[in-house]
1. For segment 9-18, name all the residues that are over 14 Å from Val142 (Cβ atoms) and crowded, with 20+ Cβ neighbours inside 10 Å.
2. Can you give me the number of residues within segment 44-94 that are in contact with a helix residue (DSSP H, G or I) (Cβ under 7 Å, 6 or more places away or on another chain) and not charged (D, E, K, R)?
3. Looking at Asn133 and the list (1) touching a His at 6+ places or on another chain (Cβ under 8 Å); (2) surrounded by fewer than 17 Cβ atoms within 10 Å (Cβ to Cβ); (3) not β-branched (Val, Ile, Thr), which single condition is not satisfied?
4. Within segment 60-72, can you find the residues that are touching a Phe, Trp or Tyr at 6+ places or on another chain (Cβ under 9 Å) and surrounded by 19 or more Cβ atoms within 10 Å (Cβ to Cβ)?
5. Does Ile57 satisfy the criteria of being crowded, with 20+ Cβ neighbours inside 10 Å, assigned to a helix (DSSP H, G or I) and among the β-branched types (Val, Ile, Thr)?
6. Read through the list (1) open to solvent by 80 Å² or more (accessible area, probe 1.4 Å); (2) assigned to a loop (DSSP other than H, G, I, E, B); (3) at negative phi; (4) not small (Gly, Ala, Ser), then give the number of the only condition that His75 fails.
7. Across segment 111-129, which residue is modelled with the highest pLDDT among those that are among the small types (Gly, Ala, Ser) and under 12 Å from Ser146 (Cβ atoms)?
8. Being surrounded by 16 or more Cβ atoms within 10 Å (Cβ to Cβ), farther than 19 Å from Val142 by Cβ and among the acidic types (Asp, Glu), is that true of even one residue in segment 82-104?
Amino acid sequence: MTRQFVEAVAGSKARILDTRKTAPGLRAIDKLAVHHGGGNNHRFGLFDMVLVKNNHIDYAGSLSRAVDLARAGAHNLKIEIEARTIEEMEEALFLGVERILLDNMSLDELRHAVALCAGRAELEASGNVSLDNVRAIAETGVDFISVGRITQSAPAVDIGLDAVIRA
C-alpha cells in the first residue's frame with residue numbers, strides 16, 4: 001500500500017510518511033514495511049521529535065504556551081505543531097517551529113499555507129488522505145503527507161505455508 005501512495009506522488013516534492021497508528025506490538029514491522037514500500041517513517045517514538053497536538057495546545061491554554069513547554073522539555077528535538085487553521089499555522093511560523101502539520105485542511109487551504117510559509121518550516125498535510133486525493137494534496141506543494149492507512153489499515157498479505165512432502 002505504501003508503494004501505491006509513493007507512486008501516486010512521484011514527480012512532486014512530497015514524501016509519504018507513516019503515523020504513530022500501528023498495530024499493537026508490531027510497530028517495528030509496520031514501520032519497516034513503510035520503509036521498504038518507499039515511504040518515510042515520521043516518528044518511531046516520543047524520543048525522536050516532539051509533536052504538539054491540538055489537545056496539548058488546548059490544555060496549555062495557547063499555542064505559544066504549548067511550544068514554550070515543549071521546548072523546555074524537548075532536549076533539542078525538532079518540534080512539530082498540529083495546526084487546525086491558517087491562523088495557527090501563521091502563529092507556529094512566528095514561533096519558529098521546524099515543522100507544521102496541517103490537519104484536515106482543504107486543498108485551497110493547503111495551497112494558501114504553502115504560499116504563506118514560503119519555506120520557513122516544513123509542511124505536512126494530514127487527515128483523510130486516500131489514493132484518490134493524495135496526488136492533488138502533493139500538488140499543493142507540501143513537503144510531507146502523512147497517511148495513517150498505510151499502517152493502521154493496510155490489507156494483510158495472504159501468505160500460505162504449504163507443506164511439500166517428497167517421497
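The values are calculated or read from the model by the stated rules, or taken from the named source; none is laboratory data. If you're wondering where the values come from, they're calculated on a predicted model, not measured in any experiment. Every residue, glycine among them, receives a Cβ derived from its backbone with ideal geometry; neighbour counts consider all protein chains shown. Accessible surface areas use protein heavy atoms only, side chains included; no ligands, DNA or RNA. Shrake-Rupley method; radii C 1.70, N 1.55, O 1.52, S 1.80 Å.
1. Taking segment 9-18 first, the residues over 14 Å from Val142 (Cβ atoms) are 10-11, 18.
Asp18, the sole residue that qualifies.
2. So the first thing to find is which residues in segment 44-94 are in contact with a helix residue (DSSP H, G or I) (Cβ under 7 Å, 6 or more places away or on another chain), and the list is 44, 50, 52, 56-57, 60, 63-64, 66-67, 69, 79, 81-84, 86, 88-93.
Imposing the further condition that a residue be not charged (D, E, K, R) reduces the set to 44, 50, 52, 56-57, 60, 63-64, 66-67, 69, 79, 81, 83, 86, 89, 92-93.
Result for segment 44-94: 18.
3. Unmet for Asn133, out of (1) touching a His at 6+ places or on another chain (Cβ under 8 Å); (2) surrounded by fewer than 17 Cβ atoms within 10 Å (Cβ to Cβ); (3) not β-branched (Val, Ile, Thr): (1).
4. The initial filter retains those residues of segment 60-72 that are touching a Phe, Trp or Tyr at 6+ places or on another chain (Cβ under 9 Å), namely 64, 66.
Within segment 60-72, Ala66 is the sole residue that qualifies.
5. Values: crowded, with 20+ Cβ neighbours inside 10 Å: yes; assigned to a helix (DSSP H, G or I): yes; among the β-branched types (Val, Ile, Thr): yes.
For Ile57, the condition - crowded, with 20+ Cβ neighbours inside 10 Å, assigned to a helix (DSSP H, G or I) and among the β-branched types (Val, Ile, Thr) - is met.
6. (3)
7. Residues of segment 111-129 that are among the small types (Gly, Ala, Ser), as a first pass: 113, 115, 118-119, 121, 125-127.
Imposing the further condition that a residue be under 12 Å from Ser146 (Cβ atoms) reduces the set to 125-127.
Details: Ala125: 98, Ser126: 95, Gly127: 91.
In this case the residue turns out to be Ala125.
8. no
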